[in-house]
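The structure under discussion appears below in the form of C-alpha cells.
The values are calculated or read from the model by the stated rules, or taken from the named source; none is laboratory data. Here the structure is a predicted model, which means the values were calculated and not measured. Cβ atoms come from the backbone with ideal geometry, glycine included; neighbour counts cover every protein chain shown.
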Amino acid sequence: MVRKAIIPAAGYGTRSLPITRVIPKEMFPIHHKPSIQYVVEEAVSAGIEQILMIVSRSKNMIIDYFDESLELEMYLQKANKLHLLSKVKRPDVQILYTRQPFAGGLGQAIRLGQHFIGNDPFAVLLPDDLVIGEGIKELIDVYQEEHGSVIGLKEVEEEQLKNYGVIDGDPIRNDLFSIKGVVEKPQENPPSRHAIIGRYVFTPEIMAALEKVQPDRGGEIQLTAGIQELLAAQPCYGKVISGQRFDVASEKDYIDLQLQMYRQHADHQGK
Ligand code: G1P
C-alpha cells in the first residue's frame with residue numbers, strides 16, 4: 001500500500017513574481033482555500049497517511065496554515081458559530097516538514113525525504129499542478145497492479161512539450177505505457193506527445209537512482225534524470241490521468257480554475 005507522500009514546495013515561484021516574494025504560490029487562494037490544500041486533500045482521499053513537505057525559508061506561511069488553530073476554534077464555539085468549525089479543521093493527515101537550503105532541483109528535494117521513505121513506496125505531488133477529478137489515486141492503483149514506479153501523464157500540444165518532461169514509451173493499453181526513456185524539457189524532437197505532470201508514485205529505489213545523477217548545467221538534480229537511471233534497474237510505467245490538470249502559475253489556468261470552483265460551489269448552493 002502507498003501511505004507516504006512527498007510534496008516539494010521549495011521553489012521560488014519565479015513565474016508569479018513579484019507576489020511570490022511574500023506569498024508562496026502554494027498559498028494562492030482558490031475559493032477561500034490555498035491551492036496546496038487541494039493537493040493535500042487529493043493525497044488524503046487516495047489513502048495517504050503521512051506527508052513530508054519540502055519547504056524553503058520563505059514558505060513558513062504553509063507551516064502556519066496547516067497548524068491547529070485552537071484559539072480560533074474556541075472563539076467560534078463561544079460565539080456560537082459552530083457551522084464554521086469544519087472550515088478551520090486541518091486535514092486528517094500527519095504533515096512533517098524539512099527545508100531545502102537552496103534550490104537544487106526537484107530531484108534534490110526528493111532526496112531530502114530519504115529517511116522519511118525508508119523502504120516504502122511513496123507518492124510525489126507537485127503543488128503547482130492541481131488536478132480536479134482523479135489524480136494520484138489512479139497512479140496508486142497502477143502501482144498496486146504492476147509494483148513499479150508510475151508517472152502521471154497528459155497529452156499536450158506539440159508546441160507545449162518543451163515546458164515538460166516527456167516520455168518515450170510502448171502502449172500497454174489506451175492510457176498506460178511502459179516507459180522506455182524520459183527527456184526533460186526537449187527543445188526539439190520530443191519523443192512523444194505525453195508530458196509528465198506533477199504526480200508520481202515511486203518505488204524506494206528512486207533514491208539510489210537519484211544519488212547517481214549529476215547536476216545539470218543549471219546546477220539542478222532533475223527528477224527526470226533520476227527516472228532515466230531507475231529505468232536501468234526496473235520497469236516504470238506512465239499513466240494518462242483522467243482528471244483535469246491546472247497549472248497554478250499559469251494565469252489562464254488559475255482564472256479557469258477559480259471560475260470552475262466558483263461555479264461548482266454556486267451550483268451546490270443552488271445559486
Ligand atoms: C517539473 C518537472 C517536469 C514536469 C513538470 C510538471 O518541471 O521537472 O519534468 O513535466 O514539473 O509540472 P517544472 O515545471 O518544475 O519546471
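Summary of values
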read-out: Residues that are surrounded by fewer than 22 Cβ atoms within 10 Å (Cβ to Cβ) and small (Gly, Ala, Ser), drawn from the stretch 114-129; value: 118
read-out: Subset tally (residues that are within 14 Å of the ligand (Cβ to nearest atom) and not in a strand (DSSP E or B)) for the stretch 120-138; value: 5
read-out: Residue tally, condition part of a helix (DSSP H, G or I) and either among the hydrophobic types (A, V, I, L, M, F, W, C) or out of contact with any strand residue (DSSP E or B) (no Cβ under 9 Å at 6 or more places or on another chain) (or both), over the stretch 146-178; value: 4
read-out: Qualifying residues in the stretch 1-52 (those that are basic (Lys, Arg) and either within 16 Å of the ligand (Cβ to nearest atom) or outside any helix (DSSP H, G or I) (or both)) - the one surrounded by the most Cβ atoms within 10 Å (Cβ to Cβ); value: 25
read-out: Of all residues making up the stretch 193-221, the number that are part of a loop (DSSP other than H, G, I, E, B) and either touching a Phe, Trp or Tyr at 6+ places or on another chain (Cβ under 8 Å) or under 25 Å from residue 170 (Cβ atoms) (or both); value: 6
read-out: Checklist (1) within 13 Å of the ligand (Cβ to nearest atom); (2) modelled with pLDDT of 95 or more; (3) farther than 20 Å from residue 146 by Cβ applied to residue 253, failing item; value: (2)
read-out: Contacts under 6 angstrom Cβ, first residue in the stretch 58-81 being part of a loop (DSSP other than H, G, I, E, B) and at pLDDT 85 or above, partner aromatic (Phe, Trp, Tyr) and surrounded by 10 or more Cβ atoms within 10 Å (Cβ to Cβ), 6 or more apart; value: none
read-out: The stretch 82-107: number of residues that are under 30 Å from residue 218 (Cα atoms), away from the ligand (no atom under 16 Å from the Cβ), outside any loop (DSSP other than H, G, I, E, B) and not charged (D, E, K, R); value: 3
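The rows are residues; the columns are (1) more than 14 Å from the ligand (Cβ to nearest atom); (2) surrounded by 15 or more Cβ atoms within 10 Å (Cβ to Cβ).
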{"site": "176", "(1), (2)": "yes, yes"}
{"site": "182", "(1), (2)": "no, yes"}
{"site": "190", "(1), (2)": "no, yes"}
{"site": "194", "(1), (2)": "no, yes"}
{"site": "198", "(1), (2)": "no, yes"}
{"site": "205", "(1), (2)": "yes, yes"}
{"site": "210", "(1), (2)": "no, yes"}
{"site": "214", "(1), (2)": "yes, no"}
{"site": "218", "(1), (2)": "no, no"}
